Structure formats: C-alpha cells, structure tokens
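Notes follow once the structure below has been shown.
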Amino acid sequence: MTTTPTTPIEEYAVLGDTETAALVSRAGSIDWLCLPRFDSPACFAALLGTRDHGRWLLGPTDPARSTRRYVEDSFVLETTHETDTGTVEVLDLMPVGDGRADIIRSVQGIHGTVRLRHEWTVRFDYGKVRPWVSHDVGHRLDSDVITAIAGPDMLVLRGTRLPEPEDGHHVDEFDISAGETHTFSLTWFPSHEPVPPPLDIDSRIRETIELSNAWAHRCSYDGPYSDQVVRSLLTLRMMTHSRYGGIVAAPTTSLPEDFGGERNWDYRFCWLRDASLTLQALVSSGYLTEARLWRNWLIRAVAGDPEDLQIMYAIDGSRRLPERTLDHLPGYAGSTPVRIGNGAVDQRQSDVLGEVMIALDEARRAGLEVSPQGWAMQQALVDNLAEHWDQPDNGLWEIRGPLRHFTHSRVMVWAAFDRAVRTVEDHGLEGPVERWREVRDAVRDEILTKGFDPERGTFTQHYDTHEVDASLLLIPLVGFLPADDPRVRGTVAAVETDLMRDGFLLRYRTESGVDGLSGDEHPFLACSWWLVSAYAMCDRLADARALMDRLVGLMNDVGLVSEEYDPVHRRMVGNFPQAFSHLTFIGAAHALAAAERRATQGAGAGDAGISAGGLDEPAPRAAGGGPSD
C-alpha cells in the first residue's frame, strides 16, 4: 500500500451542497467524500488512510505557491497555483439547489505553462471496496466517460480529457497554458438508474454563487468580526440538510482529539444539543426559515414515547447509529480506531432538552409561529423530564466513565423548565405551569446547594468533586445567575486558573479520570468562545477582545475551524469543520457586540442574559431565582 504524507487538518477546505460535503487539500486532493449524504459510506477516504483508500487529485506536479479563497459568499473554492513555469486557477464546487450529487472541477491557465497531475481513485465503503471501472465511449452516452460501480453506488467522471488506468488508479499528466481550460465533473447516482445527463457547468457555477450570495445577504448581524460571522453562518447552513432539516455536528469521522490515540469519533449525525445551538446562532442572525425547517425535523425525529428520546439521530431522523470500527483504515496520522456510528447515542444526557427549549423559545420570540404539534411534543418531553431530572447522567461531554450528577446538566434541566414556564406566560399556551415552576425552583436549590464549592467560591463539574468544567461558563449565558453574581465571577476565575492551557481553555482536566478514556486532549475551541461571552457579560471587554482576536487568528485561510487546537504544534485537532466551534464563535461575536453597546449606553454587567450560544435574550425573572438569591 502506498504511503501518503498526512495533510494538516487546517490545510483542507470544504465543499458542500447542503446534503453532503467533501474535504479538498490546498494541493488539490479531495481526500474525503461521502455520497449522497453526510453519513453515507465514503468513496474517497484518503483522509483516514492513503491514496489507495480513494482520492481525486488535480494539482501541479512541480512545487507550487498555492493560495485559495471562496468566491464571494459561496463554497465555490478558487485555488491559484503558481509554479516557476506558470500560474493556473482551479475552481472546485458542489452545485446547490438541484437535488443532484455532483462535483465540478475546472482548471484554467493564467500565464505560462503548468504541468498538472490528474488522479482519480474510487474506493467505495470507506476505502474498502474496489469498484468495476470502465471507459465508456460516446456512442452509448453523451460523451466519453469513466464509470465506477459497486453494489448500489455508481460514479461517472466526465471531462475534456480523461485519465487512463494505471495500477489500480486512473492517472493523467498534461500541460495547460495561458488561456486554456479543462473541466471535469463527477456525479453519483444509484447504480440501477440511468446515467444522469451532463451539467451545464457555466450556469451551475453561476447559480451556485448567486444562491449562496442571496442567502448570506439575509444576515442581520452588523457587529465586530462580521466577515468571519457570515462565513461561519454559511458553514452551519452547509451542514444543514436542505431537505430533511437535520444539522450534522461535522462532515467527518475520526479526525483525532489526541494524535495517535483512541479519542476518534463519528460526528456525521444530528446531536439535539448541537443542532439547537446552531439554530440559536442562525435565528439571532436573521434566519428564521431554517428554524422552521429544523423544528419540523425535530417533531419527526422525537415522535413517539418521550422515554425513547435520544441525544442524537441520523440526518433523516432515524435512530439506529451502531458504533463499529473500520480496521482496514490506518487512521488519520495513525490514530485508531476509525469509528463509524456513535455509541453515545444510548447515553443519558439530561442537558439536551434544555438546549432544545432555549432554541425554540428564541425562535418563537423572533417570530416563528407556534406549532400546536410542536408545543404538544415539548409539553410531553418536559413532563417526562419532571419524573427523571434528578438521575445522574453522562453529561455534555459524553463521559464514558461512571454516571455523575453534572452541574451543567442540572443547569440545563433548570433552563428546560424555565423556558417551558416562560412559553406559557409569554405566549398564552397551555401547560401545567405551577408544577413546572416547582420543579424549576427545586432544581435551582439543589444546584446552589450541591453544585457549588463555597471554599473555592466556584461551581463544580459535578456534585462529588472539586474539579471545574468549562461548561460552567454557561451559567450566566442561560440566565441561571446574572454575570455580576460573585458565584459567577468566582467560577470564571476558577475555570481560568484550572483549565487555561497556552492561552486557550480545556473542557476539563482529563487527568481527573472522569471520562474513562486514556490519553489527553487539546484546548476545546468552543470553551474559549464561551469564555469570550462570559468576559463580555462581566464587562471584561479588554479580555474578551484579546481572546477573541487570538481565536479568530486560529481560523484557516478560508475561515474554517476544527473542534480543538494544539497550541504547542500550532495545528488544528479533531473533526473539521466543526459546527460547535463555529456556532460558539457566532455567539461570542453577538455577546461582544452587546457588551460594547452596553458600554456605550452605560449599562452594567448582568443587565442582560445571553443564551447558550452567547446570543442576546431577556434577563431571567425573579420567579426563577434572580439576583436576590
């Protein structure tokens, strides 16, 4: 098997059509592609192995100085390769809005002459299945094509010149000079169906850019870091399935949290938590249509007995996500096992309903019409939570160690009941509001009694420890306590002291053994963006701006960011691009903008609450346990 050097995660850009996504390196190699859905088996899996596990390379044979950008507010990627002999531009995209599954690659000579290598290696089922490949001459189809078929899947490659078979790959090398253009397209379709007609490539490029620009122009955010906010919103939109409404946490699996270790997970599914927080980021920035799409997905996904509520679902709302390992893949940078599916699907995570209720509450306040079926579903889930809220759980971080009474989980339980009460009071809907108030207050009393360490002046990760956790930063963000409460300020200080590593926050200290896993991990970027939001709420604007600048500086050249960051080796870590990182960045930008407005207007800390993503919302009511407590 051919050894392929590991491409740094930050060297990738993403292509997407709102139904699936591809990762393409700066050198022009598409190393990850699942068709036709985000969670379909990959046909290019070199990201987690070698070129023999499938890739599509189109790039210079000689060393090149390569720069890239997205065209306007789209995911049409333009890469310029400059060699000693000339310059070429490559345009890569997945057309949107037509229900097909295509990739277009177009290369144009700018000046001089550049020699390019074109390599097309298809391996279905995550690099395991070598397809039957044939070169079909135009007497049967519209033009010369290469087809690859295995079981239910078929790919067709079209182009102005096609690669030839070479030792299990299809390879071509050719010169391209100024003014010349070569165009290629790949199309997936079910193998029992006829080959789809070719694309009108020029119109599909133009329409894809126009559709993306129109979506981006609906953004209502006008605060600091607006360019990066728009790109992050586009990234979240790209990871939202346009027909189903499900929102994936990332389009990749098993990019490691610990290089060479076992912390490798499949993120190509819809976590209710991540999707809810994504919804908050979109709604706060003016995107209400997406809220309706996701709410309808939620109603379908959780329909049935509230006892059967899961923390995650497939993008179409299906429930079975069995975790297994792909032992034929050596893993990214030798990190094994490579996993598909996710065993955390069966975990109990009590915080999830809180995030869902916050997101739907914000959508209603932004103008989303009340759905009788949706409210009935929320009532049933909240009533069920009232029967089980005091049970231990796996927590936000999907701990695979013993179940605990995690403080963050309890805070989000409080938020679920608080938003249920708020919905009845503000929107006139029916519900057992007195019972919900009683449970809300009981949860709050328990948190303040068992989840707070008076000696250190901080809330704790769970009830049986003195350790802290970055998720405690959400306490003021969801309105549980105001930002000027000494307990909040003490918690922020403790998190800074215990979890700051080289200028960025860890989730928790892995050496405590709480997660039941071996190895270490790197700073988790969402946690640092929560800290920006907490700083902003506490009117520590200089600290908020400084940390925000450092974090934005970690984004790669096309505005994407992964789950974690290794500050020692200065590299991205974990699945990529990561919705959780992008949505908490958007929240931090909103929080910073709100703090700057307060500073201009002379308002003090704690005058406004912020949601879990860091977005503006009204201050908590005294009935829920306000500052007087």
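General remarks:
- Listed options for Rg/Rh (Cα atoms, Kirkwood Rh) are (i) 1.06; (ii) 1.02; (iii) 0.99. The value calculated from this structure is the one marked (iii).
- Rounded to the nearest 20, the size of the Cβ-charge dipole of the stretch 372-488 about its Cα centre is 160 debye, with Lys and Arg at +1 and Asp and Glu at -1.
- Solvent-accessible area of K450 with every protein chain in place, 1.4 Å probe, in Å² to the nearest 10: 110 Å²
- For Y463, solvent-accessible area (1.4 Å; no DNA, RNA or ligand), Å²: 40 Å²
- The 1.4 Å probe gives accessible areas that order L91, L531, largest first, as L91, L531.
- With the charge dipole of the stretch 26-82 set up from +1 on Lys and Arg Cβ and -1 on Asp and Glu Cβ about the Cα centre, the Cα lying farthest toward the positive end among the listed residues V76, A46, I30 is that of A46.
- Pairwise centroid distance, computed over Cα atoms, of the stretch 513-542 with the stretch 224-295, Å: 19 Å
- Peptide packing for 582-591, 391-400 was compared via the average number of neighbouring C-beta atoms within 10 Å per residue; ordered from the highest value, the list is 582-591, 391-400.
- Principal semi-axes in Å for the stretch 355-405 [√(5λ), Cα gyration tensor, largest first]: 28, 14, 7
- When the charge dipole of the chain is built from unit charges on Cβ atoms (+1 for Lys and Arg, -1 for Asp and Glu) and taken about the Cα centre, the candidate among T6, Q578, G428 whose Cα reaches farthest toward its positive end is G428.
- Rounded, prolate or oblate (a/c below 1.5 giving rounded, otherwise prolate when a/b exceeds b/c) for the stretch 207-260 by Cα gyration tensor: oblate
- Within the chain, helices built from complete DSSP H runs that reach 24 Å or longer along their own axis (Cα positions) and carry a mean Kyte-Doolittle hydropathy of -0.5 or higher are 372-388, 407-427, 579-601.
- Packing here is the average count of other Cβ atoms within 10 Å per residue, and on that basis the peptides 45-53, 147-155, highest first, run 45-53, 147-155.
- Estimated FRET transfer efficiency when R0 is 25 angstrom, pair H328-V171 (beta carbons, to 0.05): 0.60
- Residue among A344, T121, V302 farthest towards the positive dipole end of the chain, charges placed on Cβ: V302
- Trypsin sites (Lys or Arg not before Pro) within the stretch 293-361, DSSP loop, no more than 16 other Cβ atoms inside 10 Å: R319, R320, R348
- Estimated from helical segments only, the mean residue ellipticity of the chain at 222 nm is -10000 deg cm²/dmol, where each DSSP H run of four or more residues counts as -39500 (n - 2.57).
- Largest-first ordering by accessible area, 1.4 Å probe, given options D222, D543: D222, D543
- Rounded to the nearest 10 square angstrom, I104 shows an accessible area of 0 square angstrom against a 1.4 Å probe.
The values are calculated or read from the model by the stated rules, or taken from the named source; none is laboratory data. Here the structure is a predicted model, which means the values were calculated and not measured. All Cβ positions, glycine included, derive from the backbone under ideal geometry; neighbour counts span all protein chains shown. To get the accessible areas, we keep the full protein, side chains included, count just its heavy atoms, and leave off ligands, DNA and RNA. Shrake-Rupley method; radii C 1.70, N 1.55, O 1.52, S 1.80 Å.
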